[in-house]
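Okay, structure first, notes after.
The values are calculated or read from the model by the stated rules, or taken from the named source; none is laboratory data. Note that the coordinates shown come from a computational prediction; the quantities given were computed from them, not determined experimentally. Neighbour counts run over all protein chains shown; Cβ positions are idealised from the backbone, glycine included.
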Ligand SMILES: [Zn+2]
């Protein structure tokens, strides 16, 4: 991988008023980030994946020991994590935070990770407060995982919250059966889309953006494009299923860096560990 490839996704501070938060999204150049796809086996740690993970975590100033992974079950559940969770899932999905699709923390020194290949990776920053990583696929959008994660941030001012959406499949390519599209659009009308070849589709990034707006978050940044259109750059489950590309997962990572004596840890202690049952 070229140094330029790494720098292309390296992140400046996520927002100017909170320079301690770094975020990044990987692409194919960084390598596959999943231990359970690409036929690598489900239990034995793959050294290639570990090196890839270490690479993208370094971009945000973190190490695999700082990382927290989640199980990602296409639901609406949010898990609150603390320093005691550092390293969870780094060596296997069995040890990831179970049964959730969003991680939220108010502590410094944790790198929250979401793995995707078409679903929307959403990173949330409450400046001076909590951060979150969210996995928003079709199931998560219907289950409301994004607004649940916004709630769990506990932001005093929702208007200050920054949401960054990473590369995901667009309405241009996410063809689904009409009954499935209708089911999503009943929950989020903004999901309505038509593929470039004229069939029914779901626009997940548009749906997430609408859900954020309804939750009071209008400061939304898109970082990356359609994973299927750009499957030479990003992993795409659809493209892999069509046989045009290899399977894999990219990562979205967010890290509030350690800053001794100036941490924001604990200011949102009122948030329950699981914000939504
Ligand atoms: Zn597309």
Practice task
Quickly run through the stretch 128-147 and pick out the residues that are assigned to a helix (DSSP H, G or I) and either within 16 Å of the ligand (Cβ to nearest atom) or under 12 Å from residue 212 (Cβ atoms) (or both).
Solution key: 138, 141, 145, 146, 147
Exercise for the section: Please state which one of 233, 219, 228 is at pLDDT 95 or above, within 18 Å of the chain's Cα centre (by Cα) and near the ligand (Cβ under 10 Å from one of its atoms). Expected result: 228
Handout entry: Tabulated pairs, the stretch 35-61, first under 16 Å from residue 253 (Cα atoms), second at pLDDT below 65, C-beta under 6 angstrom, 6+ apart or interchain
Key = 59/10
Handout entry: Residue list for the stretch 231-243, restricted to those being surrounded by fewer than 17 Cβ atoms within 10 Å (Cβ to Cβ) and not in a helix (DSSP H, G or I)
Key = 232, 242, 243
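Applying the selection to the stretch 221-230, what residues are part of a strand (DSSP E or B) and surrounded by fewer than 17 Cβ atoms within 10 Å (Cβ to Cβ)?
If we filter the stretch 221-230 for residues that are part of a strand (DSSP E or B), which is where we start, we get 221-222, 226.
Selection gives 221, 222.
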Problem - Condition check for residue 181: modelled with pLDDT of 95 or more, within 16 Å of the ligand (Cβ to nearest atom) and under 20 Å from the mean Cα position of the chain (by Cα) - result: no
Exercise for the section: May I ask you to verify whether residue 196 is surrounded by fewer than 21 Cβ atoms within 10 Å (Cβ to Cβ), at pLDDT 95 or above and over 20 Å from residue 28 (Cα atoms)? Expected result: yes
Practice task
Sort through 152, 181 and tell me the only one that's surrounded by 22 or more Cβ atoms within 10 Å (Cβ to Cβ) and over 24 Å from residue 114 (Cα atoms).
Solution key: 181
Fill in the blank from the handout: Scanning the stretch 154-174 residue by residue, those away from the ligand (no atom under 16 Å from the Cβ) and either in contact (Cβ under 8 Å) with a residue 12 or more places away in the chain or in contact with a strand residue (DSSP E or B) (Cβ under 9 Å, 6 or more places away or on another chain) (or both) turn out to be 154, 155, 156, 158, 159, 160, 161, 162, 163, 164
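Every residue, every condition in (1) within 20 Å of residue 151 (Cβ to Cβ); (2) at pLDDT below 95, yes or no:
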site	(1), (2)
44	no, yes
55	no, no
66	no, no
70	yes, no
76	yes, no
96	no, no
102	yes, no
105	yes, no
Fill in the blank from the handout: Selection from the stretch 175-213 of residues in contact (Cβ under 8 Å) with a residue 60 or more places away in the chain and not in a helix (DSSP H, G or I) yields 202
Problem - Number of the condition not met by residue 119 [criteria: (1) touching a residue at least 60 places away in the same chain (Cβ under 8 Å); (2) in contact with a helix residue (DSSP H, G or I) (Cβ under 6 Å, 6 or more places away or on another chain)] - result: (2)
Completion exercise
The condition of being touching a residue at least 12 places away in the same chain (Cβ under 8 Å) and surrounded by fewer than 20 Cβ atoms within 10 Å (Cβ to Cβ) holds, among 140, 87, only for 87
